[in-house]
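Trainee: Pasting in a structure now, in structure tokens, and then I'll have a few things to ask.
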Amino acid sequence: MPKFAIYFAPKSDSSFFEFGSQILGYDLRKRRSVEMSPGLRQELGPIDSAWVRGARPYGFHLTICDALDCDLSTIPVVETRLSELLRCFSRETEFKLSRRNKEPVAIWGSAGAHPIVLRYDPNQSLAMLHALLVGCINPLSRGTGYLRDYLGSRTGWRQLVYLSGICARSIRLNRLD
């Protein structure tokens, strides 16, 4: 079954994008490996490659709508809806992330697969875009296998739907079965 996802990546010339790309060892936009600067390597010390192995192929990004199952015919609808939603903002609107002061780094995953996660908070524009995307794009999907795996049963969406600090009660997850 096809999937769609929507990602946000900082501007390629930003120090934030450079920092994240160096930690992962991969530049998403140039589609090539990058070395960590000597200064960053000295500051961070050795990084176990297992920590970034799972994230490296995807580059440095923020997932806004993650790997949602859909019918192939849904992809053009998603693209059109995404364009419409982006036009709600002016060209001057900046979508930014700010380093989270409380617990800025986390390690997620399951045994043997623990990626490092840098935790940043969205500015108001990015939070609004996220809410629009979750409310208007996610319902076009058939749900996600990740959620089914996480819940482990048909206990319903109320246990989990909390994304990037924004409670998304409006997500309709069809077909949890």
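Trainee: Considering only residues that are in contact with a His (Cβ under 8 Å, 6 or more places away or on another chain) and part of a loop (DSSP other than H, G, I, E, B), look in the stretch 5-37 and name the one that is nearest to residue 129 (Cα to Cα).
Mentor: 9
Trainee: Just for the stretch 63-84: of the residues that are within 18 Å of the chain's Cα centre (by Cα) and without any contact (Cβ under 8 Å) to a residue 60 or more places away in the chain, which one is surrounded by the most Cβ atoms within 10 Å (Cβ to Cβ)?
Mentor: That would be 63.
Trainee: Within the stretch 88-95, can one find any residue that is at pLDDT 80 or above, surrounded by 13 or more Cβ atoms within 10 Å (Cβ to Cβ) and touching a Phe, Trp or Tyr at 6+ places or on another chain (Cβ under 7 Å)?
Mentor: yes
Trainee: Give the residues of the stretch 10-48 that are exposed (fewer than 15 other Cβ atoms within 10 Å of the Cβ) and in contact (Cβ under 8 Å) with a residue 24 or more places away in the chain, sorted by residue number.
Mentor: Correct list: 29 only.
Trainee: Do we have residue 57 as within 15 Å of the chain's Cα centre (by Cα) and without any contact (Cβ under 8 Å) to a residue 40 or more places away in the chain here?
Mentor: It is true that residue 57 is within 15 Å of the chain's Cα centre (by Cα) and without any contact (Cβ under 8 Å) to a residue 40 or more places away in the chain.
Trainee: Taking only pairs six or more apart or across chains, which ones have beta-carbon atoms under 6 Å, a first residue in the stretch 118-132 that is closer than 19 Å to residue 92 by Cα, and a second residue that is assigned to a helix (DSSP H, G or I)?
Mentor: Within 6 Å, the pairs are 132/85.
Trainee: Now for a separate question. Looking at this structure, is residue 52 touching a Leu at 6+ places or on another chain (Cβ under 6 Å) and in contact (Cβ under 8 Å) with a residue 12 or more places away in the chain?
Mentor: yes
Trainee: Check off (1) surrounded by 14 or more Cβ atoms within 10 Å (Cβ to Cβ); (2) at pLDDT below 85; (3) at positive phi for residue 55 and give me the number that stays unchecked.
Mentor: Looking at each condition in turn, residue 55 falls short on (3).
The rows are residues; the columns are (1) within 23 Å of residue 105 (Cα to Cα); (2) assigned to a strand (DSSP E or B).
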site: 40; (1), (2): yes, no
site: 47; (1), (2): yes, no
site: 65; (1), (2): yes, yes
site: 77; (1), (2): no, no
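The values are calculated or read from the model by the stated rules, or taken from the named source; none is laboratory data. Predicted, not measured: the structure shown is a model, and the values here were computed from it. Because the Cβ atoms are built from the backbone with ideal geometry, glycine has one as well, and the counts that use them run over all protein chains shown.
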